[in-house]
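The values are calculated or read from the model by the stated rules, or taken from the named source; none is laboratory data. Computed from a predicted structure; not experimentally measured. All Cβ positions, glycine included, derive from the backbone under ideal geometry; neighbour counts span all protein chains shown.
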Amino acid sequence: MLMPKNLFVIKKRLGLGLVLVPAYESDLETLKLLNNDSVIEVDFRVKRNPKLHKKFFALIDLLFDNQEHYKSKDQLRKKLTIAAGYYEESFNHFTGKYDIEAKSISFSSMDDVEFRQLYKDFLTVACRLLKCETQEFEEALVAYM
């Protein structure tokens, strides 16, 4: 029996307990292939919220339109991602120094839990840059979405 690698489930409350139910019809069909009481190994990963992803890039648009230091949105995103503490260091044998690169924010490299924290930390850095309050910035952000 050839099984797909990914199975999507949704956490639901059932009486006093919790259960995981298939998210899509294809997931239900996959589960039907298993025997009852089968033990399944789960690699837990919360899928990213696409609305927050959209909001994050609206935040970058708003920042980019209200600054003069960065030549591209991607450059701004990388610098603020680093400032928010999301970076990786690697030793450069040519210069003898450490290079710092912004962590990838792709869907495959950052789940929803980590991305939510990145958004919160990024927003803090953005407000520090623009010298504004978080609430004020969030209200202005609505117009960019």
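Each residue in the stretch 106-124 was checked for being farther than 15 Å from ALA58 by Cα, aliphatic (A, V, I, L, M) and surrounded by 15 or more Cβ atoms within 10 Å (Cβ to Cβ), and 1 of them qualify. Comparison of LYS78, LYS55 shows that the only residue that is under 25 Å from ARG45 (Cβ atoms) and modelled with pLDDT of 95 or more is LYS78.
Tell me, yes or no, whether the stretch 76-99 has at least one residue that is in contact (Cβ under 8 Å) with a residue 60 or more places away in the chain and not aliphatic (A, V, I, L, M). No, the stretch 76-99 has no match at all.
It is to be established whether one or more residues within the stretch 91-98 are over 12 Å from PHE56 (Cβ atoms), among the aromatic types (Phe, Trp, Tyr) and in contact with a strand residue (DSSP E or B) (Cβ under 8 Å, 6 or more places away or on another chain). Yes, the conditions are met somewhere in the stretch 91-98. Just give me the residues in the stretch 64-82 being over 19 Å from the mean Cα position of the chain (by Cα), closer than 12 Å to ALA126 by Cβ and surrounded by 14 or more Cβ atoms within 10 Å (Cβ to Cβ), in sequence order. The one that is over 19 Å from the mean Cα position of the chain (by Cα), closer than 12 Å to ALA126 by Cβ and surrounded by 14 or more Cβ atoms within 10 Å (Cβ to Cβ): PHE64.
Applying the condition of being aliphatic (A, V, I, L, M) and surrounded by fewer than 10 Cβ atoms within 10 Å (Cβ to Cβ) to the stretch 4-38 and asking which residue is farthest from ASN49 (Cα to Cα) yields LEU16.
Taken over the stretch 1-54, the criterion of being of a type in the set (Asp, Glu) and on the phi < 0 side of the Ramachandran plot is satisfied by GLU25, ASP27, GLU29, GLU41, ASP43.
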